[in-house]
Amino acid sequence: ATLPGTVPEAWEVLDQLAEHPLAGGLLIADDLEPLLADAADLAPELLARWDAAVRAQRRAGGSAAAALGPATAARALLGARFPSRLVLRCLDADDHLLAGAPRGLFDRSATAGRGWWADRQVQVVAAAPAELEPVSCPAVPWVPPGGRDVVVVTRRVAAVVAALRANDPGCSIETELTAHVPPAGSGAAVDLEPRILVADPEGWHAAWPLFTALRRSSPIVIVDAEAADLRALLGHRTPPPPLGAGEAWLVEPGEPVRRRRWEGIAAG
């Protein structure tokens, strides 16, 4: 399996492989460094997921390989993470040595594919022009369940409401939450008529009794908001999965945060 080139898909594939490794299979990461660079602040978390997936692969009798750039730039990724290395022609003698190739045998004129593996000089050739296609891992489509309210947290309330109405003009959408807040100590029940309740994080904090009542049985969709908003509202401390364009976080009662695509808001 070849790792996808986008952070959201790679993150999900690595989580899946950590739980269900490919027995006897090979996990390949082409250009691991650019993927980590794209992950920005989440790079340590993504690398930890790579390590977990590799450990699972090895336990299942499989292996993993990654293509890296110059050793001087990829130094933090080397160490014990890749004990077996195929070192192709390097930038210079220092990079050659840092990558683990024999000292004093750097050859600037080496042909393409010439390199060192296990202290032996080797020549890599392409037997066929075929490429390994990356695994595709798009966000799973999500449809609101019938008979339950849906909580939407967003910092673009107007845009999300417009997208919802355009997708389903007949849906019941509410943005004024204060009218539904049960008075403290009243024991008032939340209206069970299915609605989509949309507000920004501050709005949900202001309607905290309603949010607390709804989260027991309603799905919560976080779209066009920050991970900090998710932590503040739901108390999740682990980083949520990265999102691609048109994707959202979904939290079902008692379930972890998942990456999903809701067509009703994807165009918002």
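Laboratory data are not the source of any read-out in this text; all were calculated from the coordinates shown. Please read these numbers as outputs of a predicted model, since none were measured by experiment. Heads up, the Cβs are rebuilt from the backbone with ideal geometry, glycines too, and the neighbour counts pull from every protein chain shown.
Select from Leu86, Leu164, Leu36 the residue whose mean-square fluctuation is largest in a Gaussian network model of the chain (Cα-Cα springs shorter than 10 Å).
Comparing Leu86, Leu164, Leu36 in a Gaussian network model of the chain, the most mobile one is Leu86.
Cα gyration tensor of region 140-266, axes a ≥ b ≥ c as square roots of the eigenvalues: rounded (a/c below 1.5), prolate (a/b > b/c) or oblate?
In terms of gyration-tensor shape, oblate.
Alpha carbon centre of region 13-86 versus region 87-127: separation in Å?
22 Å
Give, in nm to one decimal, the length gained when the segment between Asp31 and Arg103 is fully stretched (0.36 nm per residue of separation minus the Cα-Cα distance).
Stretched out fully, the Asp31 to Arg103 stretch lengthens by 23.4 nm.
Can you bin region 11-72 into rounded, prolate or oblate? Criterion: square roots of the alpha carbon gyration tensor eigenvalues sorted a ≥ b ≥ c, rounded for a/c under 1.5, prolate for a/b above b/c, oblate for the rest.
Oblate shape, in that a/c is at least 1.5 and b/c is the bigger or equal ratio.
In terms of the Cα gyration tensor, with a ≥ b ≥ c the square roots of its eigenvalues, is region 1-129 rounded because a/c is under 1.5, prolate because a/b exceeds b/c, or oblate? It would help to have the intermediate numbers written out before the result.
On the way: a/c = 2.05, a/b = 1.62, b/c = 1.26.
It is prolate, given that a/c is not under 1.5 and a/b is the larger ratio.
Which is farthest toward the positive dipole end of the chain among Thr238, Gly254, Leu77, measuring Cα position about the Cα centre, with Cβ charges +1 (Lys, Arg) and -1 (Asp, Glu)?
Of the candidates, Leu77 comes out farthest on the positive side.
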